[in-house]
Structure formats: structure tokens, C-alpha cells
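Everything below concerns the one structure shown next.
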Amino acid sequence: MEQRAISNSRVQIEIQIHDTGIGIPERDQSRLFQAFRQADASISRRHGGTGLGLVITQRLVKEMGGDISFHSQPNRGSTFWFHISLDLNPNAIPDTLNTDGLVGKRLAYVEANATAAQCTLEMLAATPLEVIYSPTFSSLAEAQYDILLVGIPVSMRDLSPHREKLAKACAMSDNVLLALPCHAQVSAEALKRDGVAACLLKPLTTTRLLPALVATSHALASAPLMQIDSHKLPMTVMAVDDNPANLKLIGALLDDLVQQVILCDSGQQAVDKAKQLQMDLILMDIQMPDMDGIRACELIHHLSHHQQTPVIAVTAHALEGQREKLLSAGMNDYLAKPIEEEKLHALLLRYQPGLHSVVPASLPPAEPIVDHNQTLDWQLALRQAAMKPDLAREMLQMLIAFMPEVRNKVEEQLVGEQPEGLVDLIHKLHGSCSYSGVPRLKKLCHTLESQLRAGTAAEDLEPELLELLDEMDNVAREACRMGV
């Protein structure tokens, strides 16, 4: 692929595909772009095919305002090429991103997956870094590196048993970058508190990796002393949610507001942490598998050192009368999803230690009107991520990484397999949509979940399920267009 021309808003590219096959005689070349024709009819008999592929490709290229052609020599092979002009992504990271700070720096890269490693090494080759690659951490030479990039395997569900390796990594470099699979993002904030410089979402892309490397180069240049944020409330807050996207967002919000944050992805993990630690406040998701939030709250309040610890119910289902039910079940208060930073801050002020009277919350600002038929609303995504562009982008990336799992389950339902857990998966998708600026997909999830929980058979919701699949595709396309 080559760039032929570029302007402020468009780029013209040429893509070539070369093969070393039998080639095409000159007398047959004029027939290649005719429907149902092939240069050698025996190929169709031996290998199948209809002779439509090139015709369809030609029409697609023309629809995109481009042209297609080829040159070929018998027994030497063929080269097909096409030209197209495309809009430049206004949100892409510019080519002028300054990598001068990486000159002379050594980066060690650890990744067991050979395919992922090859892709990332190609990205790193475009930087001035000196790169040392090792497929395993144990085979990496023990030395000091300016940057240590470690890919975490998808199969690694729990990172807590690997704290010793993490400590060793942090001893080898002051700038440890972890590439985490989607499900491990729940641990990102805790890993940063343990010394990791940044957590990136797998698969690594240039738009994810390069800014992190440049930010690291700034850190290497300035090496500022760590400072304690005096504006943070002197509180230890635990947040519990089985949805990694929800947990990451609330963790990021809390990290700006309180001095210590504990994140748990299940009710059982929350109970186990509560047995070991003292906390000032617990934010508890209600709908979780195995142990729901109400049961976890009950068990925590049975602990002698947590009998008076406030537990706040966090749920997306603000149904009439539900707040009263949750309070009667042992919850101390109620916070509706999607969580907004102002409301969270007001709640923290009300429950900060030593405060015996309720702090009046200021009137919330008027909420902007949301177009619920819009596929991707970036301004909404920013508001849902406390106006943090990097966090908003990461939340959207996590949503997109989760969508294939939902698609597989929905497609199983559509072919009559009646899979278990469909409603729970849609509930989880709905939660992720609440923080990703995707109002139409969120609305579809809410409608489907409500109907399924009301007893409507999944086979009677085929049109809605198909609409859900289409909208997930729309979200992925819009995100790709924005460079996410």
C-alpha cells in the first residue's frame, strides 16, 4: 500500500496485490472484468468460482471513486492494483507526533503471542527506540530499561497471583506499560497504584501505543517527584461491579476524588476484601452473577468492623419503588447509572468520615438533550467520562472489544440454539453502553432486557435482536471512522 497524494482533508492511496501464479495470457486479459467469465474456464471446473469476484471488486472501487487494473505475464504471475481517495480521519493522531524524546532509549518488549508480537514490533520499528524482544519474562535479560512493555495473555483471568513478577518488572524499569485484554482492564487502576505507568487495551494499535510511548518520553525527560493530591477526600472507597467497563469508569472517577480506591469484580471478591480491609464507603452493583449486591451487602454488614459502613446501591434500573426496596434490604443509599461525577462527588461528601450532617448537594446543571437515535455521540461520551478524552476513548474501545461476545450469543439464539445467559449478557452490554456515548444501542439493550425480564420469549424478539446486531455494526463503523 502506498500514499499517492494527500491534502488537508483527503488522501489518495494505491493498493497492490501480487501473486506468482500461472499468469494471464494477453489474449485473455480483456475478459477478466466481464461477469461470469474467467481467463481459463478449466479453473472454474477444477477449483469452483463464478467469475464474479473481479466484477464486484471493480464496481465497489468505482463506487468509491477509484479505478482498478492489472498487469500480468504468463508463468510469471500477476499484479492487481486499485486507487481510491479517502477522507482523512479528523480525530487521528497526527503524523507530527514528536518522537524525538525516544531517541537513544531502550525498550524491552515481552509478548508470548507470536502474531501480536509481530504486529507490535512493526509499530515499534517506526520509532527511534532500541527494541529488545523476548517471548517470556523469564527469558528477558535482567537489566535496566527505559521502557518495559509487557503483553498480558488473554488466558490470564486474575493478575493478583503475579504481583511478584510485576514488582520485578517495576524494578527493571521506571516506565512499565501493560497491554491488557478487555477483561483485565478491571485491574488497571490497581496496577497503576502498584507502579505501572500505563495500561493499554489489547490489541495494540498505533493510536494506542504511540501516545503512551511519547508520554513516557516526557516522563523520562522531566522525572517529576510524586505528589499527594491534597484536594482528594481522605477516604477509602470500594467499588463493586462485574462489568469491566463500568468498573474502570467508576475507578477512574473515584481516583480523582478520594485517596484510596479498591475495585472488585464480584460480590464474593468484595466480601473477601471487606474481611481484610477497613473502608469508609462501598459502592455496590446490584445485578451480578453468583452473588448479587444485596447478598454481598448483607454479608459485609455482618462483619464486626463493617456493621456501620455505608453501602450504596448502584443500578441502572431506576424503577419506581426500587429505591425503597433496596433501602429496606440493607442498602444505605442509592446511586443511579450512568454515574455522573457531580452526583458521585456529592454522595462522597455526604458520607465522608466524621461528617454527621448531610451536606446539601448543589443543584445539578441542566442535562443536555440526548438524541436517542444517534449511533455515536462523542460529546455524550465525553460527558459520561467526566470530560476526559482518553477515558472516553478507552470506554468505547472496551465496548467494541466486548461486542463480539454478545454477537455470538445473539446469533446462537437466532439459529434456535436457545443459549443460556442471553439476558444477563444484554444487561452487561447495556451497562457498557451507559458510558460510551452510544444512545441508540443503549436504548435497544434496555428494550430487549425489559422484554426478556418481563417474560417475552427470545424467539419472539427476532426483529429486535437483528436490530441489535445491526446497531453494533454501526457503532463499530463509527468508532473506526473516528480512529478509536
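Since every read-out is calculated from the coordinates, none of them should be taken as a lab result. Not measured: the values here are computed from a predicted model. Glycine gets a Cβ as well: all are built from the backbone with ideal geometry, and neighbour counts include every protein chain shown.
Quick one: order K248, K325 by neighbouring beta-carbon count within 10 Å, fewest to most. Walk me through the intermediate numbers first.
Values: K248 25, K325 13.
Sorted ascending by nearby Cβ count, the order is K325, K248.
Give me the extension gain from N408 to H305: residue separation times 0.36 nm, minus the current Cα-Cα distance, reported in nm with one decimal.
32.7 nm
Looking at region 100-222, I'd like the Rg to Rh ratio, where Rg is from alpha-carbon atoms and Rh is Kirkwood's inverse mean 1/r.
Ratio value, two decimals: 0.92.
Which of G431, A126, L448 sits closest to the plus end of the dipole of the chain, meaning its Cα is farthest towards the positive end, when Lys and Arg get +1 and Asp and Glu get -1 on the C-beta?
Positive-end residue among those listed: A126.
Calculate how steeply helix 244-257 sits against the longest principal axis of the alpha-carbon atoms of the chain, using the helix alpha-carbon long axis, and give the answer as 0 to 90 degrees to the nearest 10.
Helix 244-257 and the main axis of the chain meet at about 50 degrees.
Given 0.36 nm per residue, what is the gain on full extension from T456 to T115 after removing their alpha carbon distance, in nm?
In short, 118.4 nm is gained.
Using a 10 Å cut-off on Cβ atoms, rank the peptides 234-241, 100-107, 400-407 from the highest mean neighbour count down.
The packing order, highest mean first, is 234-241, 400-407, 100-107.
Please report the antiparallel percentage of DSSP beta bridges with both residues in the chain, rounded to the nearest 5.
Close to 40 percent.
Each residue of region 403-419 in order: what ³J(HN,Hα) in whole Hz does its phi give by Karplus 6.51 cos²θ - 1.76 cosθ + 1.60, θ = phi - 60°, with x for Gly and Pro?
Running phi through 6.51 cos²θ - 1.76 cosθ + 1.60 with θ = phi - 60° gives 4, x, 5, 5, 4, 4, 5, 5, 5, 4, 5, 5, 9, x, 7, 6, x Hz.
So, with +1 on the Cβ of K and R and -1 on the Cβ of D and E, and no other charges, what is the size of the charge dipole of region 76-208 about its Cα centre, to the nearest 20 debye?
Working: 11 positive and 13 negative charges, 61 e Å.
The calculation lands at about 300 debye.
Taking the Cβ of each residue in R440, R453, R27 as the centre, tally the other Cβ atoms inside 10 Å and list the residues starting with the fewest.
With the sparsest Cβ surroundings first, the list reads R27, R453, R440.
Of H306, H18, how do they rank once you tally other Cβ atoms within 10 Å and put the fewest first?
Fewest-to-most Cβ neighbours within 10 Å comes out as H18, H306.
Nearest 0.05, what FRET efficiency do E142 and I56 give at R0 = 51 Å with Cβ-Cβ as r?
Details: r = 55 Å, r/R0 = 1.09.
Efficiency computed from Cβ-Cβ geometry: 0.40.
Considering only C-alpha atoms, what is the centroid distance from region 386-464 to region 136-157, in Å?
34
Treating cross-link reach as a plain straight distance, find the lysines whose alpha-carbon is under 27 Å from the alpha-carbon of K192, omitting any fewer than eight places away in the same chain.
Result set, ordered by chain and number: K105, K165, K168, K202, K232, K248, K273, K275, K337, K343, K388, K428.
Would you please put 372-385, 408-421 in order of how densely packed they are, using the mean number of other Cβ atoms within 10 angstrom per residue and starting with the highest?
With the highest mean Cβ count within 10 Å placed first, the list reads 372-385, 408-421.
Would you kindly derive the ³J(HN,Hα) couplings of region 66-75 from the backbone phi angles with the Karplus curve 6.51 cos²θ - 1.76 cosθ + 1.60 (θ = phi - 60°), listing them in order in whole Hz, with x for Gly and Pro?
Each residue of region 66-75 in turn: x, 9, 9, 7, 7, 9, 8, 10, x, 6 Hz.
Points 7 angstrom from Cα along the Cβ direction at V131 and W81: gap in nanometres?
2.8
For the chain, I need the span (max minus min coordinate) of the C-alpha atoms along each principal axis, in Å, sorted largest to smallest.
91, 61, 42
Taking only Cα atoms, what is the 0 to 90° angle, nearest 10, from helix 53-63's long axis to the longest principal axis of the chain?
70
Based on the Cα gyration tensor of region 229-307, what are the three equivalent ellipsoid semi-axes, each the root of five times an eigenvalue, rounded to whole Å and given largest first? Could you put the intermediate results ahead of the total?
On the way: eigenvalues 86, 52, 12 Å².
Output for region 229-307: semi-axes of 21, 16, 8 Å.
What value, in deg cm²/dmol to 500, does the helix sum -39500 (n - 2.57) over DSSP H runs of n ≥ 4 give at 222 nm once divided by the residues of the chain?
Helix contribution divided over all residues of the chain: -12500 deg cm²/dmol.
Rounded to the nearest 0.05, what FRET efficiency do Q322 and K165 have when you use their Cβ-Cβ distance and R0 = 41 Å?
0.40
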